[in-house]
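Colleague: Please read through the structure below; I'll follow up with questions.
Read-outs: derived from the displayed coordinates by stated rules, not from any lab. Keep in mind the model is a prediction, meaning the values are calculated, not measured. Note that we place each Cβ from the backbone using ideal geometry, even for glycine, and neighbour counts take in every protein chain shown.
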Amino acid sequence: MDPAPAPTTPVAPPAHESSAAAVPVVPAAASVGPLCNLCATGLRLSLPAELLTQSSCTHCLGVLPHADSLARALADTVREEVVAYDAPSFAVEIMLPRALAPRHTVYVERTGGYIAFEVRKEFAKSAVPVMEEVLGKTYSAEGPLRLLLAITHAETDAPIAARVAEARRPAKRGRFEGKGCKVDSPAPSEPEPLPFPPSTPTTLPTVGACTVRRDPIRLGGRYLKLERHISQTLWRIKGQRKTELSVAECVSFGLADMTQCDTEIGFIAAGREDADVRMLGTGRPFVLEVRNARKVDGIDPVALAERANTEFAGKVQVSRMCVVNKDEVKQVKDGEELKAKEYTCLVWAPGVDQRKVDEINALPAFQIDQQTPLRVLHRRPNLMRPKTVYWIRMEPLREGGPLYRVALETQAGAYIKEFITGDTGRTRPSLSTLLGTHADILELDVTKVALEWPPARKSQHSSTA
Amino acid sequence: MAISPAIQADSVTYDLAQYDRLINECYNVNAEWAIATRYFNPQFLISKSNNDHNQVDGAELEVETRLDMMLLQSPNSLCVISLAPGHRVFAHLRENPGTTITAVRYTPQATDNLVRKLRPGRSGGRGGKRKRGGASHAVSQDLGTFHEDTLVAQIVLSDGTAMPVHAGIYGSLLQLNDALATDPSLIVKHPCNVGFLFVAKPLRETVRDVMTREEYLAARPDVDASIYPALVGPRDVDEEAVEEGQE
């Protein structure tokens, strides 16, 4: 008779975990490859002694018997990087040789091996204490360090990679009906069935590519832009900087030095203003995302803010800088979409008498319809967006005009320049149509972004305003 | 952790003197034109005189068709196209007082092949910065691409005269002017503003045979150059318009 696949005698212990007390199955001897003691026990297979091995396990490829030395080797590989971080603990994500998964499947299906026996878990059990010892830090699922460690086994990795590549290549042989047939790789979760017993390895697994990361630290604050021709983030056209400074670079001044982090610091703000528009009032909320900071203990947001403010006095200023959490960042992104903004602008409009000015100032909140401005129509869909203007306040700068200071508050996302000029009729009504005359905007400033940020904290410190 | 103290910027002040020349030499001379030059680069197209021939006793008199067009080009390359000051409709209306513009009729090719139709947007936010949805896809070989001679519209006058409007550029048509349905005379009253004929995206980097303001005024001495002053003072520099390979 053929060696039957999984004998149906109910062997797998029902509710109880662990336990070598389960009755081991005795598979037909000829059909099992050599296994290490740990796998044999873990899979709950009883093996004749001559098939027990240390280094040629066909299930774990030697990962488990050599767990200690592998762990040590992995730790040594990342040690130098890890030690540079002032973090007390690390999490670990271990990637094992690709062959392990299909081999485990085949052992479970063909010999009734215990399905819940995971090489990864067993490896971690022995590896973590070793790594803690070598790295001098403790394990914690919360990090903040994250070690991505790979163990590879070239001998078995290669054929799998080849099989995957083959399955991806559209089969050009033969004729198919219909055009452009996409050859679906045969149910990707089921690679070609592995031969059983699986091949016996002749080499041991080795350390693969390892990476060390640290969870980002986030600093939040508000920035003011006091001068024009400063972009929000680094602005380059064809390799040339368009503005000498950018807000993102100014507010993160000295941060990379203080924290020894990656040079690319994330910058998120509650909306943005053009380079030639100032940001006044209490400023615009922003968040800096500091990646892979080596030194976090000395972070002093107040000192950072002071340094930046000294360096960029009169240009960009930072206010209320402090550490914020990942979930608080969402408030800033929502602020962009939801919160009203206040502006002040310099407007030229001829032939407007005081009566007209009074009329405008007395207007209750009204809606304007804005088609995508011409200046961005090349990149955005041609949408009609209704926006609310909550109030306008016009004030002649010289008696009788024609220059006015116009202050207004609008819904998030309104285009102010287009509201003033009308954008060849694409914004209706516009200040131009409301006044019944041509109008142009010469300068624009954002005076308020109505978002509470940084978020109020219930802390022992009485917060400064 | 301590939070750095709050800072507030004081109220806004302006240095008005820097705008005096702009106001005196541009806005006060021709506000509509001057404002347009702050946001667009004005360019002009003179039609070639192929079409009108008057045969007089065997001799052919070529009459210039004078279907001059103005292209107001945004820094992002999109063009707002309207009548140039030397377009013969202006002269025609002057010489035939009482004549009005009855209609501006867009051709089916124009109305059926707009690359981007207007859609309602949601009222919150700006709709994000998506590269998709921009007029950057290749529209090359299909009907949506207009050649310089493609007829886009006919201007119909009350005395029966009809004047054709050609695309003038090689590219795609983005938008027509709905306001002309109610008031076709906008094309002569406000050519630099709400009286445009259509919005197009050129598919070549330079428009064929386009002329600068100086070149056009030189070619049309009958147009009063003084009411089309060159811009003195800052052109609106818009970050989003110029953004190409942005960070």
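Colleague: Taking the 0 to 90 degree range and rounding to the nearest ten, how far is the long axis of helix A:67-83 tilted relative to the main principal axis of chain A, both from C-alpha atoms?
Modeller: Rounded to the nearest ten degrees, it is 20.
Colleague: To continue, here is another question. What fraction, in whole percent, of alpha-carbon pairs in chain A exceed 37 Å separation?
Modeller: Taking all Cα-Cα pairs of chain A, the fraction more than 37 Å apart is 54 percent.
Colleague: May I pose another question? If you fit an axis through the alpha-carbon atoms of helix A:329-338 and take the longest principal axis of the Cα set of chain A, what angle between them do you get, 0 to 90°, nearest 10?
Modeller: Once rounded, the angle reads 40 degrees.
Colleague: Cα convex hull of the range A:341-449: how many Å³ per residue?
Modeller: 89
Colleague: Using label points projected 7 Å from each Cα along Cα→Cβ, tell me how many nm separate residue B:230 and residue A:363, to one decimal.
Modeller: Going by the 7 Å Cα→Cβ label model, 3.7 nm.
Colleague: Here's something else I'd like to know. Please report how far the C-alpha centroid of the range B:147-163 lies from that of the range B:4-35, rounded to the nearest whole angstrom.
Modeller: Using only Cα atoms to place each centre, the spacing works out to 41 Å.
Colleague: Taking a spot 7 Å from the Cα of residue A:84 along the direction of its beta carbon, which residues of the range A:243-281 have an amide N less than 19 Å from it?
Modeller: A:254-266
Colleague: Treat the count of other C-beta atoms within 10 Å as a stand-in for reagent exposure and order A:262, B:236 from fewest to most.
Modeller: A:262, B:236
Colleague: Loop-only check: which trypsin sites (Lys or Arg not before Pro) in the range B:152-210 are DSSP coil with at most 14 other Cβ within 10 angstrom?
Modeller: B:204, B:208
Colleague: May I ask you to evaluate 6.51 cos²θ - 1.76 cosθ + 1.60, the Karplus curve with θ = phi - 60°, for each residue of the range A:95-108 and list the ³J(HN,Hα) values in order in whole Hz, giving x for glycine and proline?
Modeller: Here the 3J(HN,Hα) series is 9, 9, x, 4, 5, 4, 5, x, 5, 4, 4, 5, 5, 5 Hz.
Colleague: Under 5 Å between amide H atoms, partner at least 5 residues away or on a different chain: which partners does residue A:245 have, H built in plane at 1.01 Å?
Modeller: Result for residue A:245 returns A:231.
Colleague: Report the one residue of A:366, A:376, A:351 whose Cα lies farthest in the direction of the positive end of the charge dipole of the range A:341-449 (charges on C-beta: Lys and Arg +1, Asp and Glu -1; origin at the Cα centre).
Modeller: A:376
Colleague: Residue-wise, which Karplus ³J(HN,Hα) couplings in Hz belong to the range A:264-273, taking 6.51 cos²θ - 1.76 cosθ + 1.60, θ = phi - 60°, and x for glycine or proline?
Modeller: 7, 9, x, 10, 10, 10, 7, x, 8, 10
Colleague: Over the range A:216-338, what is the mean sequence separation of C-alpha contacts under 8 Å (at least six apart), divided by residue count, expressed as relative contact order in percent?
Modeller: Worked out over the range A:216-338, it gives 40 percent.
Colleague: Right, next: Efficiency by 1/(1 + (r/R0)^6): what FRET value for residue A:450 and residue A:333, r their Cβ-Cβ distance, R0 = 22 Å, to the nearest 0.05?
Modeller: The formula returns an efficiency of 0.90 here.
Colleague: Would you count, across the range A:216-338, every pair of lysines whose alpha carbons are under 28 angstrom apart, provided the pair is eight or more residues apart or spans two chains?
Modeller: 14
Colleague: Chain A: longest stretch without exposed trypsin sites (Lys or Arg not before Pro) (DSSP loop, at most 10 other Cβ within 10 Å), sites themselves excluded?
Modeller: A:1-171
Colleague: At 4 °C and 1.567 mPa s, what whole-number value in µm²/s does Stokes-Einstein give for the translational diffusion of the range A:216-338, with Rh from the Kirkwood sum over Cα pairs?
Modeller: In µm²/s, the coefficient is 89.
Colleague: Quote the FRET efficiency, to the nearest 0.05, computed for residue A:152 versus residue A:233 with a Förster distance R0 of 25 Å and r equal to the Cβ-Cβ distance.
Modeller: Working from the Cβ atoms, E equals 0.05.
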